[in-house]
Structure formats: structure tokens, C-alpha cells
1. Just from its helices, what would the mean residue ellipticity at 222 nm be for the chain, if runs of 4 or more DSSP H residues each count -39500 (n - 2.57) and the sum is divided by every residue, rounded to the nearest 500 deg cm²/dmol?
2. Could you work out the local net charge near Gly57, counting Lys and Arg as +1, Asp and Glu as -1, over the other residues with Cβ closer than 14 Å to its Cβ?
3. Against the empirical 2.2 N^0.38 Å scaling, what ratio does the C-alpha Rg of the range 153-224 come to?
4. Taking Rh as the Kirkwood radius, which is the inverse of the mean 1/r over Cα pairs, what is the Rg/Rh value for the range 42-91?
5. Hey, if we sort Tyr108, Tyr71, Tyr84, Tyr116 by accessible area with the 1.4 Å probe, largest down, what's the order?
6. Once you've got the GNM for the chain with C-alpha springs shorter than 10 Å, pick whichever of Val148, Val103, Val122 has the biggest mean-square fluctuation.
7. Short version: ³J(HN,Hα) in whole Hz for each residue of the range 45-58, in order, from phi by Karplus 6.51 cos²θ - 1.76 cosθ + 1.60 (θ = phi - 60°), x for Gly and Pro, what are they?
8. Would you work out the charge dipole size for the range 99-210 about its Cα centre, treating the Cβ of every Lys and Arg as +1 and the Cβ of every Asp and Glu as -1, and quote it to the nearest 20 debye?
Amino acid sequence: MATAKPYDVTGKMIAASVLSADMAHLAREIEEVLKGGSDFLHLDVMDGHYVPNISFGPAFTAACKRSTTAYLDAHLMVSEPLKYAGPMVAAGAHGITFHCEVVENPAYVAKAIRQYGCHVGVTLDPETPIERILPALDDVDLVLVMSVKPGFSGQAFKPEVLKKCEAIKKRLRPNQRLEIDGGINNDSVASAASAGVDWFVIASAIFDKKDRPAAIAELRKWMG
Ligand code: DX5
Ligand code: ZN
């Protein structure tokens with residue numbers, strides 16, 4: 001079983017997104033990226049409704065949980081986050097992040113998810129203004145800024161979200177994390193780090209590489 005550092009809210013963290021893993025060898029893939037230097041796993045749950053793609057849900061999360069003790073950071077790209085937050089925590093997710101675009105009252109949803117005893121995150125698409133998440137800021141542990149249109153790994157980073165990262169970071173308490181997701185690679189990671197990002201979700205720039213530990217080490221070099 002792969003083990004990783006326990007959850008720690010401080011410092012720059014690499015969250016390996018298993019969306020780009022070879023699902024036929026899930027346990028082996030997880031072990032490789034965690035032993036290879038990733039801090040924890042990012043799980044992209046897609047419902048084919050909020051986003052055009054369908055990925056996986058609680059059963060897959062439970063399979064990840066059987067393979068590792070690492071922190072499982074679940075990103076719900078679904079239209080009904082409250083329907084899936086409980087089953088995802090029961091399956092082993094430690095953190096649940098929902099999209100502000102699908103809810104009327106993000107503070108209410110954040111409080112409802114917290115009742116499951118997990119960390120709570122709110123996220124926003126590249127074109128969504130930060131005003132949509134501000135009402136929930138007191139009720140979340142992290143804000144996830146999407147740097148691609150959600151739905152697929154392997155897309156190009158949108159540098160225009162960096163301003164948004166800076167604006168959100170200024171409003172966060174020291175124990176709240178700023179996470180970024182989409183198109184993070186050796187070219188984009190340094191600018192995101194400078195904009196105040198703490199957690200970096202990375203799929204293709206790790207899993208598409210032959211030497212994952214070397215790819216992770218290189219990314220970390222640019223994170224500062
Ligand atoms: C995109 C997902 C991301 C994705 C990132 O909708 O939320 O987590 O796996 O993939 P890369 O790092 O390849 O852009
Ligand atoms: Zn994601």
C-alpha cells in the first residue's frame with residue numbers, strides 16, 4: 001500500500017490528479033506518483049451534466065482508499081454536489097470541493113458539506129467572477145481556481161486566472177488554502193506559485209510522463 005505524508009495545511013503541495021492515470025493499473029499508478037513525490041491525490045468526479053465528460057464516483061474513490069492512506073481531495077464537477085458529498089466522504093474522501101456555479105447559496109452548501117466531517121472547498125470556473133464565492137469564504141478550508149474549462153485533463157493553462165488567484169489569496173485566512181487546477185506544467189507552475197497558490201493539481205504533466213518522479217521533482221523546482 002502506498003503511503004504519503006499526512007495532510008498538512010501548510011506549504012506548497014502537489015495533488016496528482018488520477019484522471020490521467022492508467023486506470024487498468026490504478027494501485028500501481030497511485031503508488032508510483034506518491035512514492036515519486038506527490039503529496040496527495042486529486043479525484044475528479046464528473047457527472048456528464050455540469051461538464052460534458054463522465055469520470056468516476058464513490059466506488060472508484062473507495063478503490064483509491066484501499067490503495068493508499070494519502071489525503072484524497074475530491075473535486076465534484078457535478079450539478080448536485082449535496083447528493084454526492086456524503087457518499088464520497090463515506091468512500092474515503094478527506095476533502096470535498098463543489099462548484100459555486102451550480103448552487104444558489106454557496107455558504108449554505110459549504111456548511112451542509114462540513115457536517116460530513118470533511119474539509120470543504122469551493123471552486124469557480126475561469127470565467128466566473130470571484131464575487132460568486134465570496135459569501136462562502138468564512139465556511140471553506142480552500143478555494144480552488146479552475147485554470148481550464150472543467151471536464152478534461154490535458155488542456156492549455158489560462159493565464160488570465162492568475163489575477164483572480166491574487167485577489168482571492170488576499171482575502172484568505174492563513175489556514176485557508178488556495179488551489180489551482182488545469183494546465184499546470186513546467187511553464188505555468190511558477191506563475192501560479194507567485195500568485196499565491198498553495199496546492200497544485202496536476203494530471204497530464206505527471207501521468208503522461210515516462211519518469212514520473214523526475215517530472216514531479218522538476219515541477220517542484222519551479223514551485224518555489
Ligand atoms: C479538469 C480537472 C483537472 C484535470 C487536470 O476538469 O478538474 O483536475 O485532471 O488535468 P491537467 O493537469 O492535465 O490539466
Ligand atoms: Zn480537478
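The values are calculated or read from the model by the stated rules, or taken from the named source; none is laboratory data. Worth saying up front: this structure is predicted, and the values here are computed from it rather than measured. All Cβ positions, glycine included, derive from the backbone under ideal geometry; neighbour counts span all protein chains shown. All accessible areas refer to the heavy atoms of the entire protein, side chains included, with ligands and DNA or RNA removed. Shrake-Rupley method; radii C 1.70, N 1.55, O 1.52, S 1.80 Å.
1. Numbers: 8 runs with 73 residues, N = 224.
The helix contribution divided over the chain gives -9000 deg cm²/dmol.
2. Working: positive: Lys65, Lys83; negative: Asp44, Asp47, Glu80.
My count for the surroundings of Gly57 gives -1.
3. Values: Rg = 12.4 Å, N = 72, 2.2 N^0.38 = 11.2 Å.
Against the empirical 2.2 N^0.38 Å value, I get 1.11 for the range 153-224.
4. Values: Rg = 10.5 Å, Rh = 11.0 Å.
With Rh from the inverse mean 1/r over Cα pairs, Rg/Rh is 0.96.
5. Values: Tyr108 140, Tyr71 10, Tyr84 80, Tyr116 105 Å².
From most accessible down to least: Tyr108, Tyr116, Tyr84, Tyr71.
6. Highest fluctuation of the listed residues: Val103.
7. Listing the rounded values in order: 9, 10, 9, x, 10, 5, 10, x, 9, 10, 10, 7, x, x Hz.
8. Numbers: 14 positive and 15 negative charges, 49 e Å.
The dipole of the range 99-210 has a size of about 240 debye.
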